[in-house]
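Reviewing the structure listed below.
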Amino acid sequence: MNSRERMLAAIHHEPCDRVPTDIWAVPEISDKLRVRFGADADVSALLHIDGMAGVQPKYVGPPIPELGKDEIADYWQIRSKRMNYGTGDYFEISRNPLADARTIDDLERYPWPRPEWFDCSEMPRAARERRTKQVLQCGYMAPFFQHNKLRGLEQSLIDPLVDPEFTRLLLERSCDFIYRQHRQMFEACEGLIDVTQVTDDYGMQSGPLISLATFREFYKPHLQRFIDLAHEFGMKVFHHDDGAIRDFLPDLVDMGIDVLNPIQWRCPGMDIEGLKRDFGKALTFHGGIDNQRTLPFGSERDVRAEVRRAIDILASDRTGYILAPCHNIQAITPVENIIAMYDEAYRYGEF
């Protein structure tokens, strides 16, 4: 099997020749790997990483301010500043454009983005080129996360409780744009895209960020609309959801998600034995190798043992698992541990 065939088999719960692999990492890790293997080296080939290819439209809307190398803006008017915590650089949101909005009129005055700000004409050609050897991914739809970014995390958590009408309109306006933008992309690339992200972040390290009741009332209808759109175009739904989200999984499975990431098994309720037992027939699992303790602080032996355990459990039926770090590999992670992860996956993961 090539990488595309292997990934598709796992996603469709069909037998694989070996466990497919993917990588998520901060830019510093890419730099480290280039130093280790050489600037011109094909690191993915050397580490046997199957990965995913992607396509996106060209932005042709109103000019986005250029703020310099340490601050960036986007078409939502969200701004982010480069921050360094001693272990790597991160762009942290510095301006939430609707943080001070208080009324329906405030929402109506906001310059909501429009689908016509995006040119999809070059996407089909790129899609045909990139899907020959890899699974092709396109799109990112996240109603709760977009709410967080527009209002700020704290205010977005308060909104549904103190002003339901305001919250419903904000979500309606933001999600209507996201839906129309993605339908435009999917129509341009019909039959070419394999996977799209319908995602969010409902969990933290110790439990959910919001109640299941709040999810069902405010966010679930929009998430369902996005999932239905993906399935209408024959795509599989990749759902990223950090932390302890076990309580949400029955709803999410019933709604039709296909791939669950990142499988942070150290969080309450996220043990991989239980996830495979309860949801393994419906879901493909993506991730599962701990990047909070094992990858940055464990030994190579620890990493290899965790890889074997993940394969034994999450790929116990020879399918339904894509091995990857459970979120971005962080800058402090030793290169030797990264190499050990993919080497063990390649050697031990062969069926």
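The values are calculated or read from the model by the stated rules, or taken from the named source; none is laboratory data. Everything numeric in this text was worked out from a predicted model, so none of it was measured. Positions of Cβ are generated from backbone atoms using ideal geometry, with glycine treated the same way; all protein chains shown enter the neighbour counts.
Looking at (1) more than 30 Å from residue 115 (Cα to Cα); (2) modelled with pLDDT of 95 or more; (3) polar (S, T, N, Q), which is the only condition residue 87 fails?
It is condition (2) that residue 87 fails.
Would you point out the residue of the stretch 53-69, among those that are at pLDDT 95 or above and over 14 Å from residue 113 (Cβ atoms), that is surrounded by the most Cβ atoms within 10 Å (Cβ to Cβ)? Before the answer, list the steps.
Step one: filter the stretch 53-69 for residues at pLDDT 95 or above, giving 53-64.
When the remaining residues are screened for being over 14 Å from residue 113 (Cβ atoms), the result is 53-56, 58.
Values: 53: 19, 54: 18, 55: 24, 56: 14, 58: 11.
Here the answer is 55.
Which of the residues that make up the stretch 186-211 are part of a helix (DSSP H, G or I) and surrounded by fewer than 21 Cβ atoms within 10 Å (Cβ to Cβ)? Let's see the steps before the verdict.
Kept after step one, since they are part of a helix (DSSP H, G or I), are these residues of the stretch 186-211: 186-188.
Listed by number, the residues that qualify are 187, 188.
Residue by residue through the stretch 328-351, note down the ones that are in contact (Cβ under 8 Å) with a residue 60 or more places away in the chain and buried (at least 21 other Cβ atoms within 10 Å of the Cβ). Reasoning before the result, please.
Taking the stretch 328-351 and keeping what is in contact (Cβ under 8 Å) with a residue 60 or more places away in the chain, we get 328-333, 335, 338-339, 342-343, 345-346, 349-351.
Residues satisfying the conditions are 329, 333, 338, 342, 345, 349.
Condition check ((1) in contact with a helix residue (DSSP H, G or I) (Cβ under 7 Å, 6 or more places away or on another chain); (2) at pLDDT below 95; (3) small (Gly, Ala, Ser)) across all residues:
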{"position": "284", "(1), (2), (3)": "yes, no, no"}
{"position": "287", "(1), (2), (3)": "no, no, yes"}
{"position": "300", "(1), (2), (3)": "yes, no, no"}
{"position": "303", "(1), (2), (3)": "yes, no, no"}
{"position": "308", "(1), (2), (3)": "yes, no, no"}
{"position": "313", "(1), (2), (3)": "yes, no, no"}
{"position": "324", "(1), (2), (3)": "no, no, yes"}
{"position": "341", "(1), (2), (3)": "yes, no, no"}
{"position": "347", "(1), (2), (3)": "no, no, no"}
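Please determine, by comparing only the residues of the stretch 91-125 that are of a type in the set (Ser, Thr, Tyr) and loosely packed, with under 14 Cβ neighbours inside 10 Å, which one is nearest to residue 181 (Cα to Cα).
Residues of the stretch 91-125 that are of a type in the set (Ser, Thr, Tyr), as a first pass: 94, 103, 110, 121.
Restricting the remaining residues to those that are loosely packed, with under 14 Cβ neighbours inside 10 Å gives 103, 121.
Working: 103: 26, 121: 13 Å.
Within the stretch 91-125, the match that is nearest to residue 181 (Cα to Cα) is 121.
Which of the numbered conditions does residue 132 fail, given that it passes all the others? Conditions: (1) within 30 Å of residue 213 (Cα to Cα); (2) loosely packed, with under 15 Cβ neighbours inside 10 Å.
Among (1) within 30 Å of residue 213 (Cα to Cα); (2) loosely packed, with under 15 Cβ neighbours inside 10 Å, the lone unmet condition for residue 132 is (1).
List pairs: first residue in the stretch 12-33 and touching a residue at least 12 places away in the same chain (Cβ under 8 Å) and crowded, with 22+ Cβ neighbours inside 10 Å, second residue part of a loop (DSSP other than H, G, I, E, B) and acidic (Asp, Glu) anywhere in the structure, Cβ distance under 9 angstrom, at least six positions apart or on different chains.
The qualifying pairs are 20/50; 21/50.
Out of the stretch 31-65, which residues are of a type in the set (Asp, Glu) and touching a Lys or Arg at 6+ places or on another chain (Cβ under 8 Å)?
Selection gives 50 alone.
Limited to the stretch 281-301, what total is found for residues that are out of contact with any Leu (no Cβ under 9 Å at 6 or more places or on another chain) and either surrounded by 16 or more Cβ atoms within 10 Å (Cβ to Cβ) or of a type outside the set (Ser, Thr, Tyr) (or both)? Give the derivation first.
Step one: list which residues in the stretch 281-301 are out of contact with any Leu (no Cβ under 9 Å at 6 or more places or on another chain), which gives 281-282, 290-301.
With the extra rule that they be either surrounded by 16 or more Cβ atoms within 10 Å (Cβ to Cβ) or of a type outside the set (Ser, Thr, Tyr) (or both), the set shrinks to 281-282, 290-298, 300-301.
Qualifying residue count for the region: 13.
Write out, first by first residue and then by second, each pair whose Cβ atoms fall under 7 Å of each other, whose residues are 6+ apart or on separate chains, and whose first residue, in the stretch 34-62, is basic (Lys, Arg) while the second is surrounded by 11 or more Cβ atoms within 10 Å (Cβ to Cβ) and in a loop (DSSP other than H, G, I, E, B).
Note: pairs meeting the criteria are 58/122.
Quick one: count up the residues across the stretch 90-109 that are in contact (Cβ under 8 Å) with a residue 40 or more places away in the chain and under 18 Å from residue 62 (Cβ atoms).
2
Give me the pairs, please: first residue somewhere in the stretch 211-232 and free of Cβ contacts under 8 Å to residues at least 40 places away in the same chain, second residue anywhere and of a type in the set (A, V, I, L, M, F, W, C) and in a helix (DSSP H, G or I), beta-carbon distance under 6 Å, and either six or more positions apart or on two chains.
Listed by first residue and then by second, the contacts come to 224/255; 227/255.
Going by what's in this entry, would residue 50 be described as touching a Leu at 6+ places or on another chain (Cβ under 9 Å), closer than 25 Å to residue 326 by Cα and surrounded by 14 or more Cβ atoms within 10 Å (Cβ to Cβ)?
Values: touching a Leu at 6+ places or on another chain (Cβ under 9 Å): no; closer than 25 Å to residue 326 by Cα: yes; surrounded by 14 or more Cβ atoms within 10 Å (Cβ to Cβ): yes.
In short, no.
Would the stretch 273-280 turn up any residue that is crowded, with 21+ Cβ neighbours inside 10 Å and out of contact with any Asp or Glu (no Cβ under 9 Å at 6 or more places or on another chain)?
Checked the stretch 273-280: at least one residue is crowded, with 21+ Cβ neighbours inside 10 Å and out of contact with any Asp or Glu (no Cβ under 9 Å at 6 or more places or on another chain).
Just checking: which of the strands (runs of 3 or more DSSP E) contained wholly in the stretch 1-103 hold 1 or more residues that are in contact with a Pro (Cβ under 9 Å, 6 or more places away or on another chain)? Spell out how you get there, then give the answer.
Numbers: elements: 52-54, 71-73, 79-84, 89-95.
In the stretch 1-103, the matching strands (runs of 3 or more DSSP E) lie at 71-73, 79-84, 89-95.
For the stretch 196-210, give me the residue count where each residue is under 22 Å from residue 236 (Cα atoms) and in contact with an Asp or Glu (Cβ under 8 Å, 6 or more places away or on another chain).
Restricting attention to the stretch 196-210, the residues satisfying the condition of being under 22 Å from residue 236 (Cα atoms) are 196-202.
Right, trim to in contact with an Asp or Glu (Cβ under 8 Å, 6 or more places away or on another chain) and you get 199-202.
Summing the residues that are under 22 Å from residue 236 (Cα atoms) and in contact with an Asp or Glu (Cβ under 8 Å, 6 or more places away or on another chain) in the stretch 196-210 gives 4.
Do the conditions hold for residue 168, that is, is it surrounded by fewer than 16 Cβ atoms within 10 Å (Cβ to Cβ), at pLDDT 95 or above, touching a Leu at 6+ places or on another chain (Cβ under 8 Å) and in a helix (DSSP H, G or I)? Show your work before the answer.
Working: surrounded by fewer than 16 Cβ atoms within 10 Å (Cβ to Cβ): yes; at pLDDT 95 or above: yes; touching a Leu at 6+ places or on another chain (Cβ under 8 Å): no; in a helix (DSSP H, G or I): yes.
Considered against the rule, which asks whether it is surrounded by fewer than 16 Cβ atoms within 10 Å (Cβ to Cβ), at pLDDT 95 or above, touching a Leu at 6+ places or on another chain (Cβ under 8 Å) and in a helix (DSSP H, G or I), residue 168 comes out as no.
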